[in-house]
Structures are given as structure tokens and as C-alpha cells.
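Contents: one structure, followed by commentary.
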Amino acid sequence: MALTKVTYSMIADAAANVVDFGADQTGVTSANTAILAAIASLSADGGTVFFPSGTYAVDSVVAVTKSNVKFVGEPGA
């Protein structure tokens, strides 16, 4: 039996983890595209965008066009 990587984004109504959408946790490259993709993956009713511990570069405005979107971060080291 083959194993498949399971991410929170595969669970209904789970937080959208920006790393699952390609965000760089080192801050070297922009996370804008990953953040926007995480927001887009949320249901029409909104949801939570999760940032694991790390540094995220944001090089332009991140426009949130959905209601009820919450950003949650894991405490950094």
C-alpha cells in the first residue's frame, strides 16, 4: 500500500496552512502567492489561514476579498 502525504487542507473546514500552498518559511522569497492561494481555498463562509513558525516575506498588499477570514500564527522560536 502506498502512503500519501496528508495535509490539513485535505480535511473539510481545516485551517489553510500557507506552507501547503508553497510559502517559504525562511523569508527569502515572497509568500504572497501562497497566502492568496490559501485564502482562495477557504469556503465562501471564510475560515482560518495558518502560519507555522517561521519568517514570511510579504512584498505587496494581500487583499482579503472574503468575509470571516482569520489569520493564526504559531509562536516563533
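Quick rundown of the values:
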item	result
Enumeration of residues in region 39-62 that are touching a residue at least 24 places away in the same chain (Cβ under 8 Å) and small (Gly, Ala, Ser)	41, 43, 46, 47, 53, 54, 57, 60
Among residues of region 66-77, those that are touching a residue at least 24 places away in the same chain (Cβ under 8 Å) and either part of a loop (DSSP other than H, G, I, E, B) or surrounded by 13 or more Cβ atoms within 10 Å (Cβ to Cβ) (or both), counted	4
Neighbours by Cβ (under 8 Å, 6+ apart or cross-chain): first from region 16-35, hydroxyl-bearing (Ser, Thr, Tyr); second not in a loop (DSSP other than H, G, I, E, B)	26/55; 29/57; 30/57; 33/21
Leading residue by the ranking (most open to solvent (accessible area, probe 1.4 Å)) among those in region 49-60 that are under 15 Å from residue 38 (Cα atoms) and β-branched (Val, Ile, Thr)	58
Single unsatisfied condition, residue 48 versus (1) in a loop (DSSP other than H, G, I, E, B); (2) under 10 Å from residue 15 (Cα atoms)	(1)
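The values are calculated or read from the model by the stated rules, or taken from the named source; none is laboratory data. These numbers come from a predicted model, not from an experiment. Cβ: placed from backbone, ideal geometry, glycine included. Neighbour counts: every protein chain shown. Surface areas here come from the heavy atoms of the whole protein model, side chains and all, with no ligands, DNA or RNA. Shrake-Rupley method; radii C 1.70, N 1.55, O 1.52, S 1.80 Å.
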